[in-house]
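Data block below; observations after.
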């Protein structure tokens, strides 16, 4: 199992490669890591220049989703660990395999999916915003919802 309990930001590309960035509690904004990743890997892409002065995490997640990445933001507040996954429109089998084999300890998570950019805000459907979902529980609910909506398993 891939341990990401102390990573501040994690990206998972369409082939299942994991990119770990930062350490929880390091005082650096989540999006600063993503901006550096864009600069290193997509500096010629118009998305790079569009995000230059952007600091909303959901906007970054929307654009990374369009590039096919799963984005994970990890946070700890008063000793309580909580993570937010942002999914692209479709997960690949490699991404599903990686997600199902992540080690988050006892951390609770939410999954944001079906992201839509409305310019001034990004809307998404959310599983686990109650703070009670383990990664396994959230993935089971996500798969069940997607199966109902698409007529097939994820």
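Every read-out reported here was derived from the displayed coordinates using simple, explicitly stated rules and does not represent laboratory data. Keep in mind that what you see is a predicted model, and the values were worked out from it rather than measured. Counting neighbours? That spans all protein chains shown, and the Cβs are built from the backbone with ideal geometry, glycine included.
Structure notes:
- Candidates in the range 106-124 are the residues that are over 13 Å from the mean Cα position of the chain (by Cα) and closer than 22 Å to residue 143 by Cβ; of these, the one that is surrounded by the fewest Cβ atoms within 10 Å (Cβ to Cβ) is 106.
- Total residues in the range 69-101 satisfying the condition of being crowded, with 16+ Cβ neighbours inside 10 Å and over 13 Å from the mean Cα position of the chain (by Cα): the figure is 2.
- Of all residues in the range 36-55, those being more than 20 Å from the chain's Cα centre (by Cα), outside any helix (DSSP H, G or I) and more than 18 Å from residue 122 (Cα to Cα) number 3.
- Residue, farthest from residue 146 (Cα to Cα), within the range 78-98, restricted to residues that are in contact with a strand residue (DSSP E or B) (Cβ under 7 Å, 6 or more places away or on another chain) and assigned to a helix (DSSP H, G or I): 98
- The range 1-26: number of residues that are touching a residue at least 40 places away in the same chain (Cβ under 8 Å), exposed (fewer than 15 other Cβ atoms within 10 Å of the Cβ) and not in a strand (DSSP E or B): 3
- If the condition is being under 15 Å from residue 65 (Cα atoms) and in contact with a strand residue (DSSP E or B) (Cβ under 7 Å, 6 or more places away or on another chain), then the range 4-29 contributes 9, 10, 11, 12, 18, 19.
- In the range 56-77, the residues that are outside any helix (DSSP H, G or I) and either touching a residue at least 40 places away in the same chain (Cβ under 8 Å) or more than 16 Å from residue 10 (Cα to Cα) (or both): 56, 68, 69, 70, 71, 72, 73, 74, 75, 76, 77
- Residues (part of a helix (DSSP H, G or I) and under 14 Å from residue 70 (Cβ atoms)) located in the range 108-145: 135, 138, 139, 142
- Taken over the range 137-154, the criterion of being in contact with a helix residue (DSSP H, G or I) (Cβ under 8 Å, 6 or more places away or on another chain) and surrounded by 12 or more Cβ atoms within 10 Å (Cβ to Cβ) is satisfied by 139, 154.
- Residue 34 satisfies every condition listed in (1) within 24 Å of residue 133 (Cα to Cα); (2) touching a helix residue (DSSP H, G or I) at 6+ places or on another chain (Cβ under 7 Å); (3) crowded, with 20+ Cβ neighbours inside 10 Å except (1).
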